[in-house]
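As structure tokens, the structure follows; a few thoughts come after it.
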Amino acid sequence: ASVSLIYEHDLLVRAATRGNGIAGDEITNNIRQLRSIPLSAKFSKYGIDKIEIRGEVLMTKETFKKYNEQLAQQNLAPLANPRNAASGTLRLKDPSMVRKRNLEVVLYNISFMVLKKNAEKKLSAATETHDGSLEMLHYLGFKTPATSQKVFNSINEVTEYCNTFEQKRDTLPYEIDGMVIKVNSVELQQRMGFTTHHPRWAIAYKFAAKQGTSKLIKVDFQVGRTGSITPVAKIEPVSIAGATITSISLFNEDVVNEKDVRIGDTVLVERAGDVIPYIVKPLVDVRTGKEQKIKFPVNCPVCNDPLVRPEGEAVSRCVNINCKAQVVERIIHFVSKDAMDIRSFGEANVRKFYDLELLKDVPGIYNLDYNALSKLEGFGSRSIDNLNSAIEKSKTQPLHRLIFGLGIRYVGETTAKTLAKTVSALRDLENYSLEDLRNLDDVGEKVAGSIYYFFRNKDNMAILSKLEEIGLNFKGDKKVPVEGKLSGQNFLFTGTLPTLKRNDAEQMVEQNGGNIVSGVSSKLNYLVVGEDAGSKLAKAQKLKTINILDEDGFLQLLS
């Protein structure tokens, strides 16, 4: 589990999980129980006043084994795998329980620091290279990947080292699925920057996935929140890379037919990235003739309505919007961490409340009968207060979370943010044409069509009306247009400008009525190019409709 540690004036003041990348859980008290974390470290010796360090909390294979043996002696269920055990431990409310699990922390990156005023430059090695920063942490008493970390000058050396290291992965005290190759120069890291979800200066080198064999017992058909029918293989338990696997998605009918997987087959199982299990192939040579072909349903396994397979798609769907499975899955998605983030309202509670007819649809979340809940086992006054508090808090979530939570097909978190920035209020999207939607960043033909028809469906609009009456935040992030010399013009900056910082230049564009876009496309009017411009310049030159400027040319536009 990824964690961030913050030290101020040489003392550990905060620890947090990564969460959704913006907000996580505070776990300071639990982190203080781990022996591998110094509660104080002499950062002041290097002139550092405040620093954020990132790393991974892990449970070793030996610790995991011993802890499960203790659970077995107490007739308690064993933990599933070290990954979940480490992550779950960080969220325990009793710090003494955290101490008993003997977690370790390995630190791998300094993400932020503030130097003392007039501090001497004692930091050159620690600030100029990634390797140097980890050496400093190691010297101050932190656990780093010191024994496995190497610096190379050629990619051939990197490849050779990764291949050699892969051969001894099983001798490590913990599970790994690969190595990370990073640019060592911190200045180059800063120039390369980040995409929306990863640094450009680091890349994972994944080892070959571990495999095992098992027997396919049966296939269940699950109905997703958009009505999609997914075949799920139930197999005899098999342990791979520290996890016991019993269920595997078979994706769709085409995949099943292509692999010719049958019930009763002995199958080769693999964990992609040592995380997601899938069936590589059936072992045809050991078939006995008793294996049975998998029959796909023609009616929904939940509501029995006829299934539809749209032309050009690989998945059959139940189009009954009132299908119980879809309603439940939509509610589960709505309350999830990346959507409305309603804590204490996990999948198990959604299914229980629905089965007891205490919850029928998404708006019903905000009208729960707490008196009826209080009569259920495990729902004392404190649990109910926590649930009620989380539900009320969700009403103030930003609009992009609500849009994502609505479960519009093809609309992920990034597209939800784009839509939220486009409108003053959610209901504005009812008036957007297909062409209006297609003109938005990151919105293509399929996505535009899905959004368009969602906001023209009476059932969907009825749900939105209820949510608006309940008091959820429908306010968008649309900026009031600024009139100026650059009004209506789209800009993008690439490379390092001679005198202007990127943020300052972008602010100058917006202050003069222009827009900043995320990539090169036919919608871009001006590409402002600095030193070491990369692929964006080459792409813009091919389009031939984009004005390419240097910093002087950009400043002349504003003069």
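What order, most packed first, do the peptides 109-115, 50-56 have when packing is the mean number of other Cβ atoms within 10 Å of each residue?
On the way: 109-115: 15.3, 50-56: 19.3.
Order by mean packing, descending: 50-56, 109-115.
Residues in segment 201-243 near a label at Leu268, defined as backbone nitrogen under 18 Å from the 7 Å Cα→Cβ point?
Only 207-216, 238-241 fall inside the zone, counting backbone N under 18 Å.
Within 10 Å, count the other beta carbons around each residue, average over each peptide in 477-490, 417-430, and list them highest first.
Values: 477-490: 12.9, 417-430: 17.9.
Going by the mean number of other Cβ atoms within 10 Å, highest first, we get 417-430, 477-490.
Please list, in chain and number order, the residues 5+ apart from Tyr108 or on another chain whose amide H is under 5 Å from its amide H, with Hs placed from the backbone.
Residues meeting the amide H criterion: Arg54, Gly55, Glu56.
Which of rounded, prolate or oblate describes segment 280-381 when judged by the alpha-carbon gyration tensor and an a/c cut-off of 1.5? Can you show the working numbers first?
Details: a/c = 2.55, a/b = 1.95, b/c = 1.31.
Prolate shape, in that a/c is at least 1.5 and a/b is the bigger ratio.
Using the Cα centre as the reference, give the magnitude of the dipole from point charges on the C-beta atoms of the chain (Lys, Arg: +1; Asp, Glu: -1; all else neutral), rounded to the nearest 20 debye.
Numbers: 76 positive and 68 negative charges, 206 e Å.
Using only the charged Cβ atoms, the result is roughly 980 debye.
Classify segment 406-445 from the C-alpha gyration tensor, please: rounded if a/c falls under 1.5, else prolate or oblate depending on whether a/b exceeds b/c. Show your work: numbers first, answer last.
Numbers: a/c = 1.39, a/b = 1.07, b/c = 1.30.
Note, shape of segment 406-445 comes out rounded.
Length gain on complete extension for the stretch Val13 to Gln74, per 0.36 nm per residue less the alpha carbon to alpha carbon distance? Provide the component values of the computation, followed by the final result.
On the way: separation 61, 0.36 × 61 = 21.96 nm, distance 3.63 nm.
Using 0.36 nm per residue and subtracting the Cα-Cα distance, I get 18.3 nm.
Would you mind telling me the share, in percent, of accessible area of the chain contributed by carbon and sulfur at probe 1.4 angstrom?
On the way: 15290 of 31230 Å².
About 49 percent, which is the carbon plus sulfur part of the accessible surface.
Which stretch or stretches of segment 418-435 have amide N atoms under 12 Å from the point lying 7 Å from Arg456's Cα along the Cα→Cβ direction?
Backbone N within reach: 430-435.
Which of Leu103, Leu5, Ile48 sits farthest toward the positive end of the charge dipole of segment 1-134, with +1 on the Cβ of Lys and Arg and -1 on the Cβ of Asp and Glu?
Leu103
Rounded, prolate or oblate: which fits segment 296-335 when a ≥ b ≥ c are the square roots of the eigenvalues of the alpha-carbon gyration tensor, with rounded for a/c under 1.5 and prolate only if a/b beats b/c? Display every interim value, and only then the final one.
Numbers: a/c = 2.60, a/b = 1.54, b/c = 1.68.
Oblate is the answer for segment 296-335, as a/c is 1.5 or above yet b/c matches or exceeds a/b.
If packing is taken as the average count of other Cβ atoms within 10 Å, what order do 129-138, 286-295 fall into, highest mean first? Mind dumping the intermediate values first?
Numbers: 129-138: 19.6, 286-295: 11.4.
Result, highest mean first: 129-138, 286-295.
Just grab the label-to-label distance for Ile276 and Val298, each label 7 Å out from Cα along the Cβ direction, in nm (one decimal).
So the two model labels end up 3.2 nm from each other.
Grab the Cα-Cα distance for Arg287 and Thr244, subtract it from 0.36 nm times how many residues apart they are, and report the gain in nm with one decimal.
Values: separation 43, 0.36 × 43 = 15.48 nm, distance 2.44 nm.
Gain on stretching Arg287 to Thr244: 13.0 nm.
Compute the label zone of Ile470 within segment 385-405: residues whose backbone N is under 16 Å from the point 7 Å along Cα-to-Cβ.
387-405
Roughly what would the spin-label model give for Asn257 and Tyr370, points 7 Å off Cα along C-beta, in nm?
5.4 nm
Please count, across segment 315-437, the pairs of lysine residues with Cα atoms under 14 Å apart that sit 8 or more places apart or on different chains.
Values: Lys324/Lys352; Lys324/Lys360; Lys337/Lys393; Lys352/Lys360; Lys352/Lys375.
Eligible lysine pairs with Cα atoms under 14 Å apart amount to 5.
If I compute P(r) over Cα pairs in 10 Å bins from 0, in percent from the structure I just sent, which labelled value in (1) 3, 14, 22, 24, 19, 11, 5, 1, 0, 0; (2) 3, 15, 21, 20, 18, 13, 7, 2, 0, 0; (3) 3, 12, 19, 25, 24, 13, 3, 0, 0 lines up?
Only one listed value fits the structure, namely (3).
Using θ = phi - 60° and the Karplus form 6.51 cos²θ - 1.76 cosθ + 1.60, what ³J(HN,Hα) does each residue of segment 52-62 get, whole Hz, x for Gly and Pro?
The phi angles translate into 10, 10, 10, x, 10, 8, 9, 10, 5, 4, 5 Hz.
Report the Cys residues of the chain lacking a disulfide-compatible partner, meaning no second Cys Cβ under 4.7 Å from their Cβ.
Cys162 - these cysteines have no disulfide-compatible partner (Cβ-Cβ under 4.7 Å) in the chain.
Once amide H atoms are built 1.01 Å from N in the peptide plane, which residues 5 or more positions from Cys300, or in another chain, come under 5 Å H to H?
Asp305, Leu307
Can you give the accessible area per residue of segment 242-388, in Å², using a 1.4 Å probe?
Working: 8120 Å² over 147 residues.
That works out to 55 Å² per residue.
If amide H atoms are built 1.01 Å from N in the plane of the peptide, which residues on other chains or at least 5 residues away come under 5 Å of the amide H of Gln222?
Amide H neighbours of Gln222, under 5 Å, 5+ apart: Thr230, Val232.
The values are calculated or read from the model by the stated rules, or taken from the named source; none is laboratory data. Since the model is a prediction, treat every value here as computed from it, not as a measurement. Counting neighbours? That spans all protein chains shown, and the Cβs are built from the backbone with ideal geometry, glycine included. Keep in mind that these areas ignore ligands, DNA and RNA; they rest on the heavy atoms of the full protein, side chains included. Shrake-Rupley method; radii C 1.70, N 1.55, O 1.52, S 1.80 Å.
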